[in-house]
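Shown next, in structure tokens, is the structure this report addresses.
The values are calculated or read from the model by the stated rules, or taken from the named source; none is laboratory data. Given the structure is predicted, the values throughout are model-derived calculations rather than measurements. Here Cβ is always computed from backbone atoms with ideal geometry, including for glycine, and neighbour counts include all displayed protein chains. Each accessible area value is taken on the protein alone, full model and side chains, heavy atoms only, with ligands, DNA and RNA left out. Shrake-Rupley method; radii C 1.70, N 1.55, O 1.52, S 1.80 Å.
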Amino acid sequence: MSVLSRLRTQRAALAFIFVTAVLDIVAMGIIIPVLPVLIEDFVGSNARAGIINGVFVALWAGMQFLCSPIIGSLSDQCGRRPVILISCAGLSLDYMLMALAPDLWWLALGRIIAGITSSSFTTVYAYMADITAPEKRARAFGLIGAAFSAGFVLGPLLGGVLGEFGPRVPFWVAAALSAVAFFYGLLVLPESLPVEKRMKFSWKRANPVGALILLRRNTELAGLSVVNFLLYFAHHLFTAVFVLYAAYRYSWGPKEVGLLLALVGVLDMLVQGVLVGPVVKRLGDRMTMVLGLVGGTVGIAAMGWAPDGLIFILAVLPNSLWGLAMPTLQSLMTRHVGEDEQGQLQGANMSVASIAGVMSPLFFGWIYSFSVGDGAVGTRAWIAETFAPASGWIQLAAVRILTDPGLAFYLAAVSLLLAALIGWWVGRRAERQAPAAVQDAPLP
């Protein structure tokens with residue numbers, strides 16, 4: 001194959017991965033506004049629907065945890081193309097199943113299948129690692145992150161409009177979008193993993209625990225995996241409490257929330273799709289990652305503190321720098337495994353993200369309920385009694401922090417700050433041990 005042919009093939013592959021990521025995330029986002037409505041139709045109770053919807057989220061994340069390393073390892077043996085295509089087809093059939101679901105059990109089965117098939121996002125990242133040089137992976141992963149952001153901007157907005165025609169209509173549109181992705185890939189997607197670089201499937205590596213063992217290979221990779229967990233843990237704050245918080249503190253309705261989420265998605269697209277490359281070129285992967293985590297820390301803490309909606313909106317600006325962290329973190333991690341282990345690495349990373357996805361909404365949901373509900377009243381009384389001998393400002397500070405509606409945001413900010421410190425330390429340690437010629441240093 002000539003150089004020109006290889007370049008054309010690579011461009012076709014990049015285009016497919018980008019378009020498929022957008023289509024899949026739009027399909028997932030479309031059902032977000034209507035899934036709780038459909039659940040409520042089945043159970044007949046808004047309160048019970050909230051509990052069951054939480055269980056469904058946990059089911060989805062749990063299946064991601066179990067299946068991501070399996071799918072990643074399968075792609076290391078069989079190649080990326082068949083795994084991605086089967087996933088697109090599976091998602092299409094799954095959305096059709098949920099559109100036709102006659103009862104709650106069938107809908108639950110649909111969420112389980114969705115958790116399995118969407119685990120192929122690990123293969124998308126592995127595909128990008130296959131076709132890009134190590135020094136260009138941060139920008140490539142940034143493009144995928146931008147595609148995901150675009151999907152999450154368009155999906156919920158489209159789902160809200162389609163939901164006006166009935167709660168099942170968005171599921172049919174989601175099925176159609178996944179089907180389009182499948183047929184598009186069937187025609188244009190080349191295989192990215194040569195046969196000689198493939199690794200035989202092994203249950204030892206493919207089970208969730210076995211996949212996580214890969215992350216213990218060295219101190220740097222283990223530390224970066226902790227950063228990965230803390231990043232996802234903080235991110236799920238928005239899934240858990242953002243809508244409730246915005247309504248409670250600023251009296252925002254679905255329109256305001258939807259517009260803000262669209263703004264967040266647009267900024268994230270710009271950061272990951274445009275800003276990552278130049279910043280990495282100037283600062284290097286490690287410092288770009290740290291900058292992103294620090295920006296997220298400042299932004300999310302400001303959101304918790306914001307006394308009015310305008311300040312909350314302005315806090316979105318520093319928070320958008322958070323988008324610098326994920327692609328550079330992925331790039332740093334890929335350097336610690338072989339080319340034949342990229343799928344396994346992405347599977348392990350998705351397992352870590354899934355663990356955070358199960359734990360974080362439960363934790364932040366409880367913290368939010370505690371800070372605005374009956375727990376806040378009891379906490380004030382406990383503080384008054386415990387800190388009675390102390391000065392008034394200590395009592396005031398304790399009450400202000402522990403009963404602030406933004407407490408969940410403050411704790412998420414602490415998680416990101418801890419991630420930034422760990423990421424800086426791990427990267428610094430790696431640089432000191434690496435030869436000077438390959439240090440990830442800023443360009444002059």
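Working note: Karplus 6.51/-1.76/1.60 with θ = phi - 60° gives the stretch 321-334 the couplings 5, 3, x, 6, 6, 5, x, 6, 4, 4, 4, 4, 5, 5 Hz, where Gly and Pro are set to x. In this view, the solvent-accessible surface of L189, computed with a 1.4 Å probe and all protein chains in place, comes to about 10 Å².
Quick one: plug the Kirkwood hydrodynamic radius of the stretch 125-170 (C-alpha pairs) into Stokes-Einstein at 25 °C, 0.890 mPa s, and report D in µm²/s. The estimated diffusion coefficient comes to 196 µm²/s.
Ranked by the mean number of other Cβ atoms within 10 Å of their residues, highest first, the peptides 277-283, 325-331 come out as 325-331, 277-283. With the simple spin-label model, which puts each label point 7 Å out from Cα in the Cβ direction, the Q77 to W105 separation comes to 3.3 nm. What the phi angles of the stretch 97-104 give under the Karplus curve with 6.51, -1.76 and 1.60, with θ = phi - 60°, is a coupling list of 4, 5, 5, 9, 3, x, 8, 5 Hz, glycine and proline written as x.
Centre-to-centre, using Cα atoms only, the stretch 52-107 and the stretch 143-199 are separated by 13 Å. Net length available on complete extension from W203 to L93 is 36.9 nm, with 0.36 nm assigned per residue and the Cα-Cα distance removed.
According to the Kirkwood relation over distinct C-alpha pairs, the hydrodynamic radius of the stretch 49-141 is 14.3 Å. The amide H of S192, built 1.01 Å from its N in the peptide plane, has R80, R81 as neighbours under 5 Å, considering only residues 5 or more places off or on other chains.
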